[in-house]
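Structure first, commentary second.
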Amino acid sequence: MKSLIIILVFLSSLSSHELILNVKNNNNNTITIEGRFSTDEHASGAIVRLESLIDAKILYEKRLPKSSQLNLEIPKVPYQIVLDGSPDEDIIVKEGIAPLEGFKIIEKKESENMNNNLSVSQSNSQEWNDISILFFIICLILLLLAIYFSNKNTNKILNEIRIK
């Protein structure tokens, strides 16, 4: 019984080792990003990325130093903060804090181009080309033939069983 309790305590201590991301607005167009574990250990070595929400471009990427804190200038475009501890740890994503003057407004022309690009890529991914249609028809014919011959052979076997 004692060993079971010890094992349970050990397993619960392992599961409580979670990655935590703290983001502080310094009110001077900079932010402080801190990575820690729930056990209050530093998360030095974890990768911090700032990713644009407009085009998914990586705006900044660096490993946390020994202090587990980074002071960064706030990007002018909408972004998210990603903290990646390691292959064994979770990845934490938080929405980025806006700069004092707000995020840069995308010009109408750029916005239209982005919408056009999105609609083109979406329509291309949803269209069936001729080869896909041909393979679909062939698969459908093969499925129907398999059902037909399966039914035919099952009836033959049932007839042979009835005769005996």
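All told, Val77 falls short of being β-branched (Val, Ile, Thr) and closer than 13 Å to Val23 by Cβ. For the stretch 41-64, the tally of residues that are assigned to a loop (DSSP other than H, G, I, E, B) and in contact with a strand residue (DSSP E or B) (Cβ under 9 Å, 6 or more places away or on another chain) stands at 8.
Checking each residue in the stretch 29-57 for being closer than 18 Å to Val93 by Cβ and either among the aromatic types (Phe, Trp, Tyr) or touching an Asp or Glu at 6+ places or on another chain (Cβ under 6 Å) (or both) picks out Phe37, Ser38, Ile47, Arg49.
Looking at Glu160, Glu101, just one residue is at pLDDT 85 or above, under 30 Å from Leu53 (Cβ atoms) and not hydrophobic (A, V, I, L, M, F, W, C), and that residue is Glu101.
Each residue in the stretch 70-92 was checked for being open to solvent by 40 Å² or more (accessible area, probe 1.4 Å), assigned to a strand (DSSP E or B) and modelled with pLDDT under 90, and 1 of them qualify. Looking at Leu21, is it at pLDDT below 90 and assigned to a helix (DSSP H, G or I)? In short, no.
Could you tell me whether the stretch 46-56 includes any residue that is of a type outside the set (Phe, Trp, Tyr), modelled with pLDDT of 85 or more, open to solvent by less than 70 Å² (accessible area, probe 1.4 Å) and in contact with a helix residue (DSSP H, G or I) (Cβ under 8 Å, 6 or more places away or on another chain)? Talk me through it step by step, then tell me what you get.
Applying the first criterion (of a type outside the set (Phe, Trp, Tyr)) to the stretch 46-56 yields 46-56.
Pick out the ones that are also modelled with pLDDT of 85 or more and you get 46-56.
If we keep only those that are open to solvent by less than 70 Å² (accessible area, probe 1.4 Å) as well, we get 46-52, 54.
With in contact with a helix residue (DSSP H, G or I) (Cβ under 8 Å, 6 or more places away or on another chain) added as a condition, the list becomes 54.
Yes: the stretch 46-56 contains one or more residues that are of a type outside the set (Phe, Trp, Tyr), modelled with pLDDT of 85 or more, open to solvent by less than 70 Å² (accessible area, probe 1.4 Å) and in contact with a helix residue (DSSP H, G or I) (Cβ under 8 Å, 6 or more places away or on another chain).
The values are calculated or read from the model by the stated rules, or taken from the named source; none is laboratory data. Everything quoted here is computed from the prediction, not taken from an experiment. Reconstructed Cβ throughout: ideal geometry from the backbone, glycine too, with neighbour counts over all protein chains shown. With ligands, DNA and RNA removed, areas are computed over all heavy atoms of the protein, side chains included. Shrake-Rupley method; radii C 1.70, N 1.55, O 1.52, S 1.80 Å.
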